[in-house]
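Reading through the C-alpha cells given below for one structure.
The values are calculated or read from the model by the stated rules, or taken from the named source; none is laboratory data. Values in this document were obtained by computation on a predicted structure and should not be read as measured data. Because the Cβ atoms are built from the backbone with ideal geometry, glycine has one as well, and the counts that use them run over all protein chains shown. What goes into the accessible areas is simple: the full protein's heavy atoms, side chains included, and nothing from ligands, DNA or RNA. Shrake-Rupley method; radii C 1.70, N 1.55, O 1.52, S 1.80 Å.
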Amino acid sequence: MLRRSLLTAGLLFIGTIGALADNWPGWRGPTGTGRSRDAAPLKWSPTENVRWKTPLPGPGMSSPIVWGDRVFVTQSLDREGRQRALLCFDRKDGRQLWQGLTAYEEKESTYDSEPHYASATPATDGQRVVASFGSAGVVCYDFAGKELWRRDLGKAEQIWGNASSPVIWGDLVFLNFGPGERTFLVAMDKKTGRDVWKVDQPGAYGKAPTEWMGSWSTPVIARIGSRDELIMTWPEAAKAYNPRTGQLLWSCGGLGKLVYTSPLVTPEVVVAMGGFTGPMLAVKPGGSGDVTETHRLWRVEKSPQRIGSGVIVGEHVYVVNENGVAQCIELKTGKSLWEERAAGRSWGSIVHAGGRLYLTDQKGETLVLAAKPQFEVLSRNPLNERSQSSPAVSDGEIFIRTYQHLWCLSDKR
C-alpha cells in the first residue's frame, strides 16, 4: 500500500511541476524540491555547449534563478560584505542589465575560510524579486530594478553565517531568519514587506561543538490532502505550519541540533536530514499535534555529514554527502541501498531534470547520474572553476554559478 501510494503521489507531484517547468523561480526550483520536468544537457565543458558565460564580481554561494528572459543571482561585492547586491542578467546573452545595492557597515559572522555575505538564493514571482542579505535585511525589486520595499529584520548572528532563502507563495514571502540567538520564521506581504505572521524559535548556540545548534533550512510549501502545509526542519524536529496564519499543524521529533538541508517533500512523505552526522527521518504529513509516535515512518540515528539537499525520485532518495559520496536510500524504509564515491567535496544540492540527476561539486565539475536505484555515471562536466552553488534548469538550459562566472549551458541547436 505504501509503495502504491508513493508512486501515485509522485505522479501527481510531477504533474504539479509540469505546470511550472519553464521557470526556476527560487531555491530548488518550482516546488522547492529540486525537481524539474525540463530536460538539461548531458555534456558540456568550458568550450562545448556553452551558450554564454558572464563574469561575476567575486565568489558566492547562492544559486541562480530564472524567469522568462531574466536570470538573477545575489552577490557580495567585497570580501567584508559591506556592499551586497542582487544582479539581473539578460537570459539571451548574459549581459548584466542592472544591480540593486544594499550597504551594511557592521561586522557579520560568516564561515571563516570562505566568507560570503549573500548566500541566500533570491526568489521571484515573475513581477518582483526578493533577496535576503542576513543582517543587511530583505529587499524587493521589480524586474526593471526599481526598489519596491526593504525590511530590516535585525542582526543575524551565527558562527557560520546564514543561507536560508526566501520563498514566494501567493501574496506572501516566507523566510527562516537565522540561525542564531534571534531565530524566527516570518511571513511578509510580498507587496509591502510588512509582517503577516511570525513564529519565534529557540536559537542560542554555544562555543563548543556539542552546544552548536541551528537550521539553515529553506521552507517548502506543499498541498497535503485538502490543505496547504509549510514544512520546516528545525533543530530536533520537523514541523508543519498553516502558511496563511503560522499556526503549528504538526511536529515530529527525532532530528539533531544542526540542520543544513531543506526538507524533501511529496504529498505522502517528508524526509528530514540532520547535519554533522546527525539523524535522518521520514514522517507522513497531514497529521495534528505531536505526530512522532503516530506518523514517523522511520529514523536513522547517524548519517554521513551532508550540507546539500537530496531529491526524491519514485521510491528512492538520492543525496550526495559533503565528501562527494553519492547515496541511494529506500524511501519506505530509510535503508541505504548503495554509497559510491562520485564527486569531489560538495556543498551543492541535487537537481532532477529530464530523468537525470545533476550535482555540481566544489571543483566546478557537474556529475550527471542516472535516476535509478543502480549507480550509473552518465557524464562528468568540468568548468575548471570553483563552485559552491546548485544548478538551475529552465527550458533545456542549465545555469551554473561559479566563483568567476555565471554560465548558461545548452545543447539545443
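Key figures
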{"quantity": "Qualifying residues in region 297-336 (those that are in contact with a helix residue (DSSP H, G or I) (Cβ under 7 Å, 6 or more places away or on another chain) and at negative phi) - the one least open to solvent (accessible area, probe 1.4 Å)", "calculated": "L331"}
{"quantity": "Qualifying residue in region 350-363 (condition: open to solvent by 20 Å² or more (accessible area, probe 1.4 Å), in a strand (DSSP E or B) and either more than 21 Å from Y260 (Cβ to Cβ) or among the hydrophobic types (A, V, I, L, M, F, W, C) (or both))", "calculated": "yes"}
{"quantity": "Residues being over 16 Å from the mean Cα position of the chain (by Cα), modelled with pLDDT of 95 or more and either buried (at least 24 other Cβ atoms within 10 Å of the Cβ) or not in a strand (DSSP E or B) (or both) - total across region 116-133", "calculated": "4"}
{"quantity": "Unmet criterion (only one of (1) within 20 Å of S410 (Cβ to Cβ); (2) assigned to a loop (DSSP other than H, G, I, E, B); (3) without any contact (Cβ under 8 Å) to a residue 60 or more places away in the chain) for G94", "calculated": "(3)"}
{"quantity": "Single residue of region 135-189 satisfying the filter (part of a loop (DSSP other than H, G, I, E, B), at pLDDT 95 or above and among the acidic types (D, E)) that is nearest to the chain's Cα centre (by Cα)", "calculated": "D171"}
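Okay, residues lined up against (1) at pLDDT 95 or above; (2) within 17 Å of I168 (Cβ to Cβ); (3) part of a loop (DSSP other than H, G, I, E, B):
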| residue | (1), (2), (3) |
| --- | --- |
| T218 | yes, yes, yes |
| I221 | yes, yes, no |
| M232 | yes, yes, no |
| K239 | yes, no, no |
| S251 | yes, no, no |
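Per-residue answers, yes or no, for (1) aliphatic (A, V, I, L, M); (2) open to solvent by 30 Å² or more (accessible area, probe 1.4 Å); (3) touching a residue at least 12 places away in the same chain (Cβ under 8 Å):
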{"position": "S135", "(1), (2), (3)": "no, no, yes"}
{"position": "K146", "(1), (2), (3)": "no, yes, no"}
{"position": "A156", "(1), (2), (3)": "yes, no, yes"}
{"position": "S164", "(1), (2), (3)": "no, no, yes"}
